[in-house]
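Take a look at the structure below.
What follows draws every value from the coordinates through simple rules; no lab data is involved. Just so it is clear, the model here is predicted, and its values are computed rather than measured. Ideal geometry is used to build each Cβ from the backbone, glycine not excepted, and the neighbour counts take in all protein chains shown.
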Amino acid sequence: MTKLEGSVAMVTGASSGIGEATAESLADLGAKVALVARRADRLEALAARITDAGGTALVVEADVTGREAAEAAVARTVAELGGLDIVVNNAGVMLLGPMADAPIEEWERMIQLNVMGAMYVAKAALPHLLEAARNGPRNVADLVNVSSVAGRVVRNGSGVYNASKHALGAFSEGMRQEFTGQGLRSSLVEPGATATELASHNREEVQVGLRQRFGGMTRLEAVDIAEVITFVVTRPRHVAVNEVLVRPTDQEQ
């Protein structure tokens, strides 16, 4: 596997789950990693593990639902780590339940983070990624957008979450078509049921239904998706992995 010495990666939603595991995986391969999330205490603990293992990590406390905060996170990453050639847009929230009963604030939160947050980060990072593709250590740059099986399969009770992830998929493909000729690979990773804290953000009645649906399933682990993301960004320059759907073996839809 190609090593990432000399690379700089920025991972959003790095305080837990897939983001945390991905940051550690990229750091293990030699990338300097900017850890972006709201929970600074968790980021500090992750950064300590990375540095104790001989890596380099920068803690960036930020809420990327704010455009200025997203732009500042990118700017700080470039200023303090010396560039940017890998962005993992992982920050997201999954708030499910019937649309008729859902608080509209849940819809707004999902669209603002799952869609606009990813767009804010990508737009701010774009000139740096293109520069890295021209003159960086790998002569290629990577934007990895972490979506969901929900970006492919619409289910009763998750319509707005589905909408947010379908939108992210369309944005990711649009970025791919526009910039692939300039050495920027835009990739979409779509996990199925994964054992992270994502479901815990739901209302209790929704969590009951999720436990009934997934309780008997051997779900993916965050490290499983981190391995996929790491595979994507370590391909040779001429290989672009545009889209990866990863489900647990036991998951039908």
Task: Within a Gaussian network of the chain (alpha carbon springs, distance under 10 Å), most fluctuating of His128, His166, His238 - done: His238
Open item on the list: List the GluC sites (Glu not before Pro) within the stretch 1-89 that DSSP assigns to loop and that have no more than 14 neighbouring Cβ atoms inside 10 Å.
Closed with: Glu5
Task: Nearest 10 degrees, 0 to 90: helix 17-28 Cα axis against the chain principal axis - done: 20 degrees
Open item on the list: To make sure I understand, if each residue's beta carbon is the centre and we count other beta carbons within 10 Å, what order do Met217, Met94, Met10 fall in, fewest to most?
Closed with: Met217, Met94, Met10
Task: the stretch 153-181 versus the stretch 34-99: alpha-carbon centroid distance in Å - done: 22 Å
Task: Spatially proximal aspartates and glutamates relative to Lys165 (Cα-Cα < 17 Å; intrachain offsets below 8 disregarded) - done: Glu106, Glu108, Glu173, Glu190, Glu243
Open item on the list: Quick check on the chain: helices-only [θ] at 222 nm, where DSSP H runs of length 4 and up contribute -39,500 (n - 2.57) each and the sum goes over total residues. Nearest 500, please.
Closed with: -14000 deg cm²/dmol
TODO: Give, as a single signed number, the net charge of other residues whose beta carbon lies under 15 Å from the beta carbon of Thr249, with Lys and Arg counted +1 and Asp and Glu -1.
DONE: -2
TODO: Give the value in nm², to one decimal: projected area of the alpha carbon convex hull of the stretch 8-245, averaged over all directions.
DONE: 12.1 nm²
Open item on the list: Apply the Karplus curve 6.51 cos²θ - 1.76 cosθ + 1.60, θ = phi - 60°, to the phi angles in the stretch 159-167 and return the couplings in whole Hz, x for Gly and Pro.
Closed with: x, 6, 4, 4, 4, 5, 7, 4, 4
Open item on the list: Going Cα to Cα from Lys32, which lysines come in below 16 Å? Please leave out same-chain ones fewer than 8 positions away.
Closed with: Lys3
Open item on the list: For the ranges 136-145, 48-57, what's the packing order if you count other beta-carbon atoms within 10 Å of each residue, average per peptide, and put the highest first?
Closed with: 136-145, 48-57
Task: Estimated inter-spin distance, Ala170 and Met99, nm [label 7 Å along Cα→Cβ] - done: 1.4 nm
TODO: Quick one: order Val87, Val115, Val189 by neighbouring beta-carbon count within 10 Å, fewest to most.
DONE: Val115, Val189, Val87
